[in-house]
Amino acid sequence: MAIAHLMIRIIYVMLRDKVPYEELGREYLVSDKKVAESLVKKLQKLGYHVELTEIA
């Protein structure tokens, strides 16, 4: 059921934006940048102001 839901969401976006399907690859789902962006969005929804600074 979860895979069907994901496929429907992908198809919806493709039809809405009139773009072809593009495989993003495994790295897209597990990249550190993607995880950081997700955590920042969650904190912002909780009302926090977030600024990220890379450690040298």
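Brief remarks follow.
- Scanning the chain for residues that are in a helix (DSSP H, G or I) and hydroxyl-bearing (Ser, Thr, Tyr), we see that the one that is modelled with the highest pLDDT is Tyr12.
Conditions tested, residue by residue: (1) under 15 Å from the mean Cα position of the chain (by Cα); (2) surrounded by 10 or more Cβ atoms within 10 Å (Cβ to Cβ); (3) at positive phi; (4) of a type outside the set (A, V, I, L, M, F, W, C).
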site	(1), (2), (3), (4)
Arg9	yes, yes, no, yes
Met14	no, yes, no, no
Gly25	yes, no, yes, yes
Asp32	yes, no, no, yes
Glu37	yes, yes, no, yes
Gly47	no, no, yes, yes
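The values are calculated or read from the model by the stated rules, or taken from the named source; none is laboratory data. Note that this is a predicted model, so its numbers are computed, not measured. Don't worry about glycine lacking a Cβ; one is built from the backbone with ideal geometry, like all the others, and counts go over all protein chains shown.
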